[in-house]
Amino acid sequence: MSRYRIFKVADAIAYAREAAGLASDLPLRGEEIGDGNLNQVFRVWSPGEPHGVIVKQALPYIRCIGESWPLTRDRARIEAQILLRHGEACPEYTVAVLHHDPALSAMLLEDLSDHRVWRQALLDDQLFPEAAAQLGRYLARVHYHSSAFYLDYQAQRAVSTRFVNPELMAITEAVFFVDPFRDHERNNVEPLIRAEAEQLWADDALKVKVAALKHDFRCKGEALLHGDLHTGSVMVAAGTLKVIDAEFGGYGPIGFDLGVIFANLLLNVCSQPGRHPAVIGQRYQQQRIEEIRALWQSFRADFIALAAGSADPALAEAGYAQAFMRRVWRDALGYAGCEMVRRTIGIAHVADLDGIEDPVRRVACQRQALSLGRTLVMEAEQLDDTAFNLLLVQQIIAG
Ligand code: SR1
Ligand code: MG
């Protein structure tokens with residue numbers, strides 16, 4: 001008989017007590033703290049202790065939709081294994097998995113209550129100056145250590161088979177590359193921006209580019225991706241960060257993770273005119289653009305340094321890692337463009353745009369996000385980092 005049950009607070013406490021090996025008479029409290037789209041999340045703590053633990057459990061359906069969209073609970077096992085694997089490559093910046101129980105579709109994670117969700121910090125205009133470079137370092141390490149630069153043929157094939165995540169990656173294919181580029185019932189299009197959405201849906205040249213990005217997402221298994229690296233998947237604190245929520249992970253193109261995080265910083269850029277007077281908003285826009293630059297620079301430098309030590313004589317060839325980075329950059333811009341479009345008119349939006357109260361300003365920011373997203377997809381091949389910065393200044397900051 002299955003031990004699975006949908007946890008209430010008391011179940012989460014019981015699981016935490018057993019999994020963490022806590023004494024049966026230690027008083028414990030718990031509360032549901034989840035605000036994500038998919039799972040339930042509880043914090044369990046002992047009164048008077050500064051740190052507790054986090055219990056995350058997969059439901060047999062998508063939490064934000066309900067039972068009408070069933071979804072494999074096996075995602076919890078896959079997520080725990082990805083986090084453990086990423087934690088081996090980069091323990092400093094990956095949330096620690098303390099225990100996981102595939103039958104309960106539950107895992108015990110370190111408590112990050114002394115961290116903040118990066119998206120929320122950005123919305124509160126709180127700057128974490130080191131976060132971007134740290135995230136670049138995290139990506140270089142987790143990608144390198146699961147790539148052909150580090151693993152030999154047999155090892156990489158074995159790892160990529162072990163981390164196959166078909167149901168969750170199929171959702172990404174649908175909600176990232178398919179729905180937002182056509183009139184699909186799952187989309188969430190603000191009526192005032194419907195005309196711009198319809199223009200995108202009729203843009204055949206754009207859809208050809210998106211098709212190529214989707215095709216690569218399926219076929220270009222370069223590294224074990226996080227798979228959903230938006231600013232809500234990053235917890236920041238003074239001088240450090242932790243990456244959480246890897247349930248959409250699996251093998252795919254390295255540029256995908258980079259593109260998703262670039263896009264979420266750019267969505268924040270696009271939201272600034274809706275939230276601040278121009279001169280203040282422009283300062284925050286410059287900060288976000290600087291963060292993208294710092295993230296890319298640290299990712300690129302660390303990846304190239306790691307690749308120099310590759311045991312594969314062909315891939316370690318001088319100059320190859322640099323050439324590979326140029327491809328990753330172009331891929332990242334294309335995926336960033338898709339993420340900007342899908343977070344504006346697809347099923348899952350971001351608070352940066354949706355939280356703008358004034359509808360006229362909100363729609364102006366959404367238009368900016370759609371327009372920049374389209375430009376990134378269309379021009380990814382032509383934009384080196386100088387041209388990219390120029391584009392941002394011309395399209396956004398100069399208004
Ligand atoms: C129906 S799932 C929609 C989105 O929620 C998650 O946060 C992922 O971003 C996914 O694409
Ligand atoms: Mg998530």
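Within the range 15-34, how many residues are open to solvent by less than 50 Å² (accessible area, probe 1.4 Å) and not in a loop (DSSP other than H, G, I, E, B)?
Residues that pass the stated criteria total 4.
Given the options Ala195, Ala211, name the one that is assigned to a helix (DSSP H, G or I) and either surrounded by 13 or more Cβ atoms within 10 Å (Cβ to Cβ) or within 16 Å of ligand 2 (Cβ to nearest atom) (or both).
Within the list Ala195, Ala211, the selection yields Ala211.
Within the range 119-126, identify whether any single residue is at pLDDT 95 or above and touching a Cys at 6+ places or on another chain (Cβ under 8 Å), and answer yes or no.
no
Residue by residue through the range 90-109, note down the ones that are open to solvent by 20 Å² or more (accessible area, probe 1.4 Å) and either of a type in the set (S, T, N, Q) or within 19 Å of the chain's Cα centre (by Cα) (or both).
Listed by number, the residues that qualify are Pro91, Glu92, Ala96, Val97.
Would you say Arg362 is crowded, with 20+ Cβ neighbours inside 10 Å and within 16 Å of ligand 2 (Cβ to nearest atom)?
Taking the combined requirement at face value, the residue does not satisfy it.
Please determine, by comparing only the residues of the range 62-89 that are out of contact with any strand residue (DSSP E or B) (no Cβ under 6 Å at 6 or more places or on another chain) and assigned to a strand (DSSP E or B), which one is surrounded by the fewest Cβ atoms within 10 Å (Cβ to Cβ).
Once the filter is applied, the top-ranked residue is Ser68.
Report yes if some residue within the range 165-172 is among the β-branched types (Val, Ile, Thr), assigned by TED's automatic domain parsing to the domain that holds Cys365 and either buried (at least 17 other Cβ atoms within 10 Å of the Cβ) or within 16 Å of ligand 1 (Cβ to nearest atom) (or both); otherwise report no.
Among the residues of the range 165-172, at least one is among the β-branched types (Val, Ile, Thr), assigned by TED's automatic domain parsing to the domain that holds Cys365 and either buried (at least 17 other Cβ atoms within 10 Å of the Cβ) or within 16 Å of ligand 1 (Cβ to nearest atom) (or both), which makes the answer yes.
Out of the helices (runs of 4 or more DSSP H) lying entirely within the range 297-399, which hold 3 or more residues that are within 16 Å of ligand 1 (Cβ to nearest atom)?
Helices (runs of 4 or more DSSP H) meeting the threshold: 320-345, 351-354.
Picking from Ala278, Ala246, Ala294, Ala301, which residue would you name as being in contact with a helix residue (DSSP H, G or I) (Cβ under 7 Å, 6 or more places away or on another chain), surrounded by fewer than 24 Cβ atoms within 10 Å (Cβ to Cβ) and among the small types (Gly, Ala, Ser)?
After applying the criteria, what remains is Ala294.
With the structure loaded, tell me whether Val269 is of a type in the set (A, V, I, L, M) and crowded, with 24+ Cβ neighbours inside 10 Å or whether it fails that test.
In short, yes.
Can you find a residue in the range 38-61 that is open to solvent by 30 Å² or more (accessible area, probe 1.4 Å), in a loop (DSSP other than H, G, I, E, B) and closer than 20 Å to Asp101 by Cα?
yes
The values are calculated or read from the model by the stated rules, or taken from the named source; none is laboratory data. Since we're looking at a predicted model, the values are computed, not measured. Virtual Cβ from ideal backbone geometry, glycine too; neighbours counted across all protein chains shown. Please note that ligands, DNA and RNA were not included when accessible areas were found on the heavy atoms of the full protein model with its side chains. Shrake-Rupley method; radii C 1.70, N 1.55, O 1.52, S 1.80 Å.
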